[in-house]
1. Any idea which of (1) over 30 Å from GLY216 (Cβ atoms); (2) exposed (fewer than 15 other Cβ atoms within 10 Å of the Cβ); (3) under 34 Å from the mean Cα position of the chain (by Cα); (4) not aromatic (Phe, Trp, Tyr) is the one LEU271 doesn't satisfy?
2. Open to solvent by less than 60 Å² (accessible area, probe 1.4 Å) and in contact with a Gly (Cβ under 6 Å, 6 or more places away or on another chain), is that true of THR301?
3. Please state which one of ILE577, ILE544 is open to solvent by less than 70 Å² (accessible area, probe 1.4 Å) and touching a Phe, Trp or Tyr at 6+ places or on another chain (Cβ under 6 Å).
4. Restricting attention to the range 67-75, does a residue exist that is in a helix (DSSP H, G or I), over 30 Å from VAL195 (Cβ atoms) and modelled with pLDDT under 65?
5. Could you give every pair whose Cβ atoms fall below 7 Å, whose first residue belongs to the range 114-139 and is more than 16 Å from ARG190 (Cα to Cα) and assigned to a helix (DSSP H, G or I), and whose second residue is open to solvent by 70 Å² or more (accessible area, probe 1.4 Å) and among the charged types (D, E, K, R), counting only separations of at least 6 or pairs across chains?
6. Inspect all residues belonging to the range 240-258 and state whether any of them is in a helix (DSSP H, G or I), under 30 Å from GLU154 (Cβ atoms) and hydroxyl-bearing (Ser, Thr, Tyr).
7. Regarding the range 146-153, can at least one residue be identified that is open to solvent by less than 40 Å² (accessible area, probe 1.4 Å) and either over 43 Å from the mean Cα position of the chain (by Cα) or at pLDDT 80 or above (or both)?
8. Could you list, ordered by first residue, the pairs with Cβ atoms under 7 Å in which the first is in the range 372-390 and more than 12 Å from ARG341 (Cα to Cα) and the second is charged (D, E, K, R), at least 6 apart or interchain?
Amino acid sequence: MKMAYVLMKCVSACLIIFMTNLFFFPVFGQESYGLQPDSTDSSQALPDSVRMEDLVLLIQEMKLNEVLLRSELEKMQQVGVVADSVRRAEEKRSIDSLRLITPAVPVVVEGDTLFYIYTKQGGLTPQVRAENARNAILEAGKKLIFGADTVCIEDSGPLTDLMYDGQVLFRISDQDALWMGVSRQELAQRYAVPVTLKVEQLRKEYGILQILKHIGLFLLVIIVQIGVFWLTNILFKKLTRQIIYLTKYKLKPIIVRDYEVLNAHKQGRVLIFFARILKWTLILIQLIFSIPMLFAIFPQTKNLAVTLFSYIFDPLKMIFWSVVSYIPKLFIIVIIYLCIRYLVKGIRYIAREIENEKLKINGFYPDWAHPTFNIIRFLLYAFMVAVIYQYLPYSDSDVFKGISVFIGLVVSLGSSTVIGNILAGFIITYMRPFKVGDRIKLNETEGNVIEKTPFVTRLRTPKNEIVTIPNSFMMSSHTTNHSASAREYGLIIHTEVGFGYNVPWQKVHQLLIQAAVETPGVLDSPHPFILETELKDNYPIYQINAYVKEVDDLPKIYSDLNRRIHDIFQEAGLELILPHYYAQRDGNPLVMPPAEYLHKPEKDAAQ
């Protein structure tokens, strides 16, 4: 307002001077042309002089007013400059405070950040301005022209334009310059440098000559790759022929302990198989390098080549560094494993010494050594797994935990019977009801124990049948051990016969003991004995008891004993009542074998 007031005063003063000069111009004109007033007109001379003095005084006053006006105008200009500087300082402080919370939008062209934008322009956000600038720079750099222009700066009113080949790349406003703390021209000069370099770089990459070079390099890579494929095929054809030659004339069968693992023909087939795997592996490696290389030749597909390389090498790099970082934990696992392994070896040596009865411990039987070793070994390895678990890779991941929970659930749901068999096996082992090789009878099953495991026990019957019995079933059934009695004091076998009351019992006792003594496998001491177990209505029951050691031959011993009883009583002419048979006593002869049979039992037995 003060500036406007001063200007109005200046204009009014100028108008007064102009009107005064215009009004008095004739008087001054006459003097200047030498026209003197008539001397006779004295009445007009005095007023003109007075008027002249008044004009001089008026001019002096106007000059004084002009000086005053000029000084006041200078003061007002100084006040305006100070006000402008204060306003700019306030705007700068405001911009500095806004810069802390206002994100800068970069202008990025093919991975290179050229400059940053903070402000809007004509309703365009900084993001839109950055995108437009990026597109304009790319378009200018990718023009297929032979000539090359330069980036120039042109002022267009309130904006400064960065131009290339008649195209506006970016427009800079006073607000942009204010945000950067420089003038528009300085900011334009600063932005012109990276933009010029980027346009020149794009011209080099996307020019016609460069495209022709890329096409030539592309064809060269394809030709080289085809040549490498051809050489690879020739190499492996020669390798196949060499393998065939070795198969026919050089290779020998691989024999391990009289077992032919691989003959020469099979070795040749294995070598050819691995040769084919090696061939396709080399071809795959060649493609892994050549295909990304082809994409990397052209700038348009360079990013795709980088992506393909990352797909291949990022997993390999991750695996490599994972292995390298896991080496310290691997050393810990190896040390723990070696300690447990050699501890198990030491316990195995002690168990073998106890089992072979070289080392004796009071109250600890030799047959306990092996199962006890198995229990201790299981506990040691379980302890090892529990300690090593925390050092396993990804042991703290959710996937690993899920697998552990799944395994635990499966074991808990399906292990009730298994655990029952294992516990029954341990109990049977330490109860010692039988050993491997003993002849036992379990309910209606009789046979020799051929295997004891934590889960089942296997028997071989006299008919060579293999019977598998769960240990939990053995715990709930009664078991008869024939071998234990035979080893200590002999197993008693017995059989029963019946004779009529007319036959003297002394004669029966004598013949039965004779039959027992003459039976192979029956012990002379203790001596066989007779028990009369029952007196029936028509006959008494005689039971012959004899001691044996070889329980594995029980069926044969029983068979020999029964046959010998049959022969002896046949020779003595005594009739067996038991087993029963019916005969009508009407004078018919006794039911006996023919007489000639009595004289050749030994001959028939020998045959």
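1. (2)
2. Answer is no for this residue.
3. ILE577
4. No - not one qualifying residue is present in the range 67-75.
5. PRO126/LYS120
6. No, the range 240-258 has no match at all.
7. yes
8. Close Cβ pairs satisfying both conditions: PHE373/ARG348.
The values are calculated or read from the model by the stated rules, or taken from the named source; none is laboratory data. Just so we're clear, the structure is a prediction, and the values are computed from it rather than from any experiment. Don't worry about glycine lacking a Cβ; one is built from the backbone with ideal geometry, like all the others, and counts go over all protein chains shown. Note: areas computed on protein heavy atoms with side chains; ligands, DNA, RNA excluded. Shrake-Rupley method; radii C 1.70, N 1.55, O 1.52, S 1.80 Å.
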